[in-house]
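> Quick one: this structure, given as structure tokens, is what I'll be asking you about.
Just so you know, all these numbers are worked out from the coordinates, no wet-lab data involved. Bear in mind that the values here come from a model prediction, so they are computed numbers and not experimental data. Cβ sites come from the backbone with ideal geometry, for glycine too, and all protein chains shown count toward neighbours.
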Amino acid sequence: MDKDASWRTIDEHRVVVADLLAGLPDEAWTTPSLCEGWTVRDVGAHLSMAATSSMGEVWPWVVRSRGNFDRMIRDSAIDRARRPTAQIVDDLRGTVGSRRLAPTTFWRDPLLDVIVHAHDIARPLGISVGVDPEAARTAAEWAWARVFPFFPGRRLRGLRLVADDVAWSRGHGLELRGPVESLLLVSTGRAAGLGDLEGPGLALARERFPLSPRLE
């Protein structure tokens, strides 16, 4: 998937997630997401940050985190999650069409971000969010190429991930096969993706979870 197609997909998913959030009852916002320690509200607030946060807003989080990337991301999401529900939805809708990137990131990062976080929010609520397999392939490829912060090669050592809906595979070892969307979730630390996978590597993969997934 090329850059322009990726941005179109990013915008489509931003709309889907904003609509999903807008339709949730109040109690659903406190539902634990696929990210350990993060609620649906936290993830929803996080999704608009890269495209809307100023350096003046980001800098205090950087200072408080003392260089701990995970802590900085968590603190910033929790701070923004204090905003009214309607504003969190409006913030996300306002990112549609934006091509702004956070420092040190590339155009594939927001694609990976929005696809994975859509599942982080939707799956615990029993809601299905579809994703084009080619978009999921591009995101999965980037998760492995980017390495940080997911380190899939280390997390999934001894396993070979093979998609059955697109031409994509990564890793070495026992085969773990299924939709590339689910392989993307596993590559980014989401145990929920294992439910759609099969193969001789499944037992080994299950031993690697639960692992604390990264929100980034």
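> Could you calculate the contour length gain from Phe106 to Asp164, that is, 0.36 nm times the residue separation minus the distance between their Cα atoms, to one decimal place in nm?
Stretched out fully, the Phe106 to Asp164 stretch lengthens by 18.1 nm.
> HN-Hα J couplings of the range 162-167 from phi, Karplus 6.51/-1.76/1.60, θ = phi - 60°, integer Hz, Gly and Pro as x?
These are the phi-based 3J(HN,Hα) values: 10, 7, 9, 10, 9, 7 Hz.
> Taking every pair of distinct Cα atoms and averaging 1/r, then inverting, what Kirkwood hydrodynamic radius in Å comes out for the range 3-125?
Result for the range 3-125 stands at 14.6 Å.
> Hey, how many Å between the Cα centroid of the range 122-141 and the Cα centroid of the range 165-197?
Cα centres, the range 122-141 to the range 165-197: 12 Å.
> Could you tell me how many degrees, from 0 to 90 and to the nearest 10, lie between the Cα long axis of helix 69-80 and the main elongation axis, the longest principal axis, of the Cα atoms of the chain?
Orientation of helix 69-80: about 40 degrees from the principal axis.
> For the range 175-187, take each phi angle, set θ = phi - 60°, evaluate the Karplus expression 6.51 cos²θ - 1.76 cosθ + 1.60, and give the result in whole Hz per residue in order, putting x for glycine and proline.
Karplus values, whole Hz, x for Gly and Pro: 6, 10, 10, x, x, 4, 4, 6, 5, 4, 4, 5, 5.
> Cα extents of the chain along the three principal axes, largest first, in whole Å?
Extents along the principal axes: 47, 36, 36 Å.
> Roughly what would the spin-label model give for Arg206 and Val15, points 7 Å off Cα along C-beta, in nm?
Roughly 4.0 nm, to one decimal.
> Among DSSP beta bridges whose residues both lie in the range 133-207, state the antiparallel percentage, nearest 5.
40 percent
> I would also like to ask the following. Quick one: if you take sqrt(5λ) for each eigenvalue of the C-alpha gyration tensor of the range 133-207, what semi-axes come out, biggest first, whole angstrom?
Taking √(5λ) for each eigenvalue gives 16, 14, 11 Å, largest first.
> Rounded to the nearest 500, what is the 222 nm mean residue ellipticity of the chain from helices alone, with -39500 (n - 2.57) per DSSP H run of 4+ residues and division by all residues?
Helices in the chain give a 222 nm mean residue ellipticity of -15000 deg cm²/dmol.
> Under a 5 Å amide H to amide H cut-off, with H placed in plane at 1.01 Å, what residues pair with Leu24 once short-range neighbours are removed?
none
> Please check which bits of the range 78-101 a label hung off Asp26 would reach, taking the label as a point 7 Å along Cα-to-C-beta and the cut-off as backbone N under 12 Å.
What the label zone holds, given the 12 Å backbone N cut-off, is 85.
> Tell me, in nm to one decimal, what length is gained between Val147 and Glu175 on full extension, where the rule is 0.36 nm per residue of separation less the Cα-Cα distance?
8.0 nm
> Another question about this same structure. For the chain, with only Lys/Arg (+1) and Asp/Glu (-1) charged at the beta-carbon, what is the dipole magnitude about the Cα centre, in debye rounded to 20?
800 debye
> Could I ask something else about it? What share of the DSSP beta bridges in the chain is antiparallel, in percent to the nearest 5?
The antiparallel fraction comes to roughly 45 percent.
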